[in-house]
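What follows draws every value from the coordinates through simple rules; no lab data is involved. Note that the structure is predicted; figures quoted are calculated from it, not measured. Heads up, the Cβs are rebuilt from the backbone with ideal geometry, glycines too, and the neighbour counts pull from every protein chain shown.
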Amino acid sequence: MTTDVIDQLLGVEEGDALFALRSQRPEAKRNAQASFDALFASDELEQASQLERLAVAYWTVALSQSPIESFYRGLLAAASPETLSALEAALPGAVTTGPYGDYPEGPLAVENVVGLRWEPDATLAAAVGPRLAAALSHTHLLVYRPRDSSADALQRLLDAGWSTTGIVTLSQLVAFLNFQLRVVAGLAALKGELA
């Protein structure tokens, strides 16, 4: 891609104060864009298809209730309006707060928080198939219950047809999007101060 997605998400153009500020860290800016390109403009789609990547991306940012949801919504809508429709129908039952989860027995266990354990219902699973349904469930786990991630959670992905490489790609995608959400939120706050 020739454009910088974070600048695009923020509505930043050359000459803006925030553009100048981001330009002071060219390597960080370049690496963030390279990560986006590696995840969304890859030619290596055997382990995680473009549609799976876009669906997981939309689901991640929608669960996070981020203003950048519209960007990923547009990408998914262009690829598969049917998948988008199925995810949007399921979203109200999946959005919660968090983070939830349990720590191992010990001093941190006082911070255990009980919360929603979401799984795709039959309608969503039928619309997107078992493989993507498993990825959406895992994404929900990573967004809201990261400390509950386990070998059993990874096994559910393997059982649904994900390869080890595909699971790594899925995890990298969710991690990148959480990074991007935080960068955009922080820069949006700065943008208001620099205006």
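What the table shows:
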{"item": "Total charge dipole magnitude, the chain, about the Cα centre, Cβ charges on Lys, Arg, Asp, Glu only, Debye to nearest 20", "result": "220"}
{"item": "Residue-wise HN-Hα coupling along the range 117-123, computed from phi with Karplus coefficients 6.51, -1.76, 1.60 (Hz; x: Gly, Pro)", "result": "10, 8, 9, x, 7, 4, 5"}
{"item": "Tail beyond 20 Å, pair distance distribution of the range 92-195 (Cα, percent)", "result": "51"}
{"item": "Cα gyration tensor shape for the range 1-141, rounded if a/c is under 1.5, else prolate or oblate", "result": "oblate"}
{"item": "96, 123 arranged by Cβ crowding within 10 Å, fewest neighbours leading", "result": "123, 96"}
{"item": "For the range 8-85, the Rg and Dmax computed from alpha carbons only, in angstrom", "result": "14.6, 42"}
{"item": "Positive dipole terminus of the chain, leading residue within 123, 45, 154 (C-beta point charges)", "result": "154"}
{"item": "Residue order, fewest to most surrounding Cβ atoms within 10 angstrom, among 113, 183", "result": "113, 183"}
